[in-house]
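Below is one structure, written out as structure tokens; comments come after it.
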Amino acid sequence: MKDNYLITNNEWLRPDVISYTGVMKAYVNNPLGGEKALELLGEMRNECANGNRRAKPDTKALAVAMHACIKSGRSADAERIFSDIDDAEKTTVMFNTVLTGYKNEGRGDEAENLLRKMIALNEEGRNNCFPNTLTYCLCIDALSKSKGEDRVARARMLMNEATRRYRDGDSRCKPSTDLFNTLALVISNSDIPNRENEVLTLFEAMESNGCTPSL
């Protein structure tokens, strides 16, 4: 595309944001995907500065770049991209992408802080930014990998919060098998007394909430 544009000077052959986003998507599962995404983002910005306004990175392109960074272990780069995005343009997908990085690194405190920011933005009227079941799963999973002595209590609190939101009418926070499994993991990895009974109680609550146990 770029070669043909240089030969013909036909603006409609010049790669746009959709072209670049498609290439970044193809690199998401590549070990060097984050590095390549950052390189392509830089190229998009250069293109834009050189008059190709159609190559300006949009929220979808930035979300894909963040995903590629997280998948290749470049959480700091994903956070940097995220922090440069105006709060008005941040989405649930972006928040959950950063939370995935926190989960992978056991950064429970930061995960919960990010959840609180997400909720605050949503309450201010940011309709594209809302917590869902996956958000709570990621936060609880981040706690399961952390070393905080209060991680079980905090994980339970997050589970109860998600359930309460659902009962108050937010279908996006509907309890799921994954949500219960993640809390069970926090409990089973802890050293609290009677943790076996705690997990069995959770198992019963899971079925009463209509969640089918998985392997």
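Output the residues belonging to segment 159-215 that are β-branched (Val, Ile, Thr) and either open to solvent by 50 Å² or more (accessible area, probe 1.4 Å) or without any contact (Cβ under 8 Å) to a residue 40 or more places away in the chain (or both). Don't jump to the end; show me each part of the working.
First, pick out the residues of segment 159-215 that are β-branched (Val, Ile, Thr): 163, 177, 182, 186-187, 192, 199, 201, 212.
Selection gives Thr177, Ile187, Val199, Thr201, Thr212.
Residues of segment 12-33 being more than 31 Å from the chain's Cα centre (by Cα) and open to solvent by less than 80 Å² (accessible area, probe 1.4 Å), which ones? Scanning segment 12-33 gives Leu13, Arg14.
Does Asn113 satisfy the condition of being open to solvent by less than 80 Å² (accessible area, probe 1.4 Å) and over 18 Å from Glu198 (Cβ atoms)?
Details: open to solvent by less than 80 Å² (accessible area, probe 1.4 Å): no; over 18 Å from Glu198 (Cβ atoms): yes.
Against the criterion (open to solvent by less than 80 Å² (accessible area, probe 1.4 Å) and over 18 Å from Glu198 (Cβ atoms)), Asn113 does not qualify.
For segment 94-105, the criterion of being assigned to a loop (DSSP other than H, G, I, E, B), open to solvent by less than 50 Å² (accessible area, probe 1.4 Å), among the hydrophobic types (A, V, I, L, M, F, W, C) and in contact (Cβ under 8 Å) with a residue 40 or more places away in the chain is satisfied by no residue at all. Within segment 73-91, the residues that satisfy the criterion of being in a helix (DSSP H, G or I), closer than 13 Å to Leu62 by Cα and open to solvent by less than 60 Å² (accessible area, probe 1.4 Å) are Asp77, Ala78, Glu79, Ile81, Phe82. Against the test of being open to solvent by less than 30 Å² (accessible area, probe 1.4 Å) and within 20 Å of Pro15 (Cα to Cα), the options Asn46, Asn52 yield a single qualifying residue, Asn52.
The set of residues from segment 13-52 being under 20 Å from Gly73 (Cβ atoms) and of a type in the set (Lys, Arg) comprises Lys25, Lys36.
The values are calculated or read from the model by the stated rules, or taken from the named source; none is laboratory data. Since the model is a prediction, treat every value here as computed from it, not as a measurement. Heads up, the Cβs are rebuilt from the backbone with ideal geometry, glycines too, and the neighbour counts pull from every protein chain shown. In case anyone asks, the SASA skips ligands and DNA or RNA and just uses the protein heavy atoms, side chains included. Shrake-Rupley method; radii C 1.70, N 1.55, O 1.52, S 1.80 Å.
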